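The values are calculated or read from the model by the stated rules, or taken from the named source; none is laboratory data. Bear in mind that the values here come from a model prediction, so they are computed numbers and not experimental data. Cβ placement follows ideal geometry from the backbone for every residue including glycine, while neighbour counts extend to all protein chains displayed.
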Amino acid sequence: MKRSTWLHLRIPFSIYLLPVFCFALSQARHVDPGRALLIAVILHLLAYPASQAFNSYYDRDQGSIGGLEKPPPVSREVLVAALAFDVLALLLGLVVGWRFSALLFGYGLASKAYSHPSIRLKSRPWIGWLTVALFQGTVTYAMVTLGLEGLGFRELASARIILPAALSALLIGGAYPMTQIYQHREDAERGDLTLSRLLGLRGTFVFCAAALAVTVLGFFGYFRARAHLRDFWLLLAFLAPLAVYVGDWFKRVERDPTQANFRSAMTLNRLSALSLISYFTVVTLLR
């Protein structure tokens, strides 16, 4: 493959979606290390890069995108690579189990509906946002848990899984508009009304701050019900640097709207991923 195609797969960017996997891993009743590693490879080295390349092919961005400050031009090979990675992910998913692979297939369809011009959920702010939150959050959490524990679909309906799966949707949905905040001009030129563009710069910060507060309250209720309040206080400690950064970034954007740029957004992504991955790793080790 061409170097430009590899760049559009944006494999390093997939680490920013690792917190949901780590959350599911920290809450699983039993974990086989080999199985966990296989699931991580399928999601973060195949399925997510496939979605990212598919998005790149149909967006054809000229400006910065997630993980690429200066994306190279796309070719037909980007689409072929995206579909090939999808197929390989589904085949490897069958090793985990057909139910896991079925959920992965559903995730792939949703990600394509988000970008494909015939549906283009990306141009519908609330539906697009809800799709991302549900599939990158709730469905992914359920899929990882099902794969780790070898569960059936009916077992996913238990409160033990539904509650943290819903919290995963809040984690993803609360942060997602911030990943769109530097793309308002290009989205407008393409005719995409993303949630961040609909809310505006100030509105995006306010929305994400409110979503973070709701998420924190949700985690408090979840850990209190499980008699694991220690995990909640740890969460606050790990989220503190993130809150400080967002507050500082908001002040900078208020003074100078050009500060809502790619580099600041990627710094937020890195800090968020590092904080949550570290937190869920500590929770897993303490158990």
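Here is a list: Asp32, Asp59, Asp86. Which entry is among the acidic types (Asp, Glu), surrounded by 17 or more Cβ atoms within 10 Å (Cβ to Cβ) and at pLDDT below 95? First the steps, then the outcome.
Working: Asp32 fails: surrounded by 17 or more Cβ atoms within 10 Å (Cβ to Cβ); Asp86 fails: at pLDDT below 95.
Criteria check complete, one pass: Asp59.
Per the listing Phe23, Phe13, the residue uniquely among the aromatic types (Phe, Trp, Tyr), in contact with a Gly (Cβ under 8 Å, 6 or more places away or on another chain) and in contact (Cβ under 8 Å) with a residue 40 or more places away in the chain is Phe13. Of the residues making up segment 141-191, those that are closer than 28 Å to Arg35 by Cα, surrounded by fewer than 19 Cβ atoms within 10 Å (Cβ to Cβ) and of a type outside the set (A, V, I, L, M, F, W, C) are Glu149, Gly150, Gly152, Arg154, Glu155, Ser158, Arg160.
For beta carbons closer than 6 Å, sequence separation of 6+ or different chains, a first residue in segment 69-85 that is small (Gly, Ala, Ser) and a second that is surrounded by 14 or more Cβ atoms within 10 Å (Cβ to Cβ), the qualifying pairs are Ala81/Thr5; Ala81/Ala53; Ala82/Ala50; Ala82/Ala53; Ala82/Phe54.
Listed here are the residues, each with its yes/no results for (1) under 20 Å from Leu83 (Cα atoms); (2) charged (D, E, K, R).
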position: Phe100; (1), (2): yes, no
position: Leu104; (1), (2): yes, no
position: Tyr107; (1), (2): yes, no
position: His116; (1), (2): yes, no
position: Arg120; (1), (2): yes, yes
position: Phe135; (1), (2): yes, no
position: Ala166; (1), (2): no, no
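I need the full set of residues from segment 228-248 which are over 19 Å from the mean Cα position of the chain (by Cα) and among the aliphatic types (A, V, I, L, M), in order please.
Hits for segment 228-248 are Leu229, Leu234, Leu236, Ala237, Ala240, Val244.
The condition of being surrounded by 11 or more Cβ atoms within 10 Å (Cβ to Cβ) and free of Cβ contacts under 8 Å to residues at least 24 places away in the same chain does not hold for Val214.
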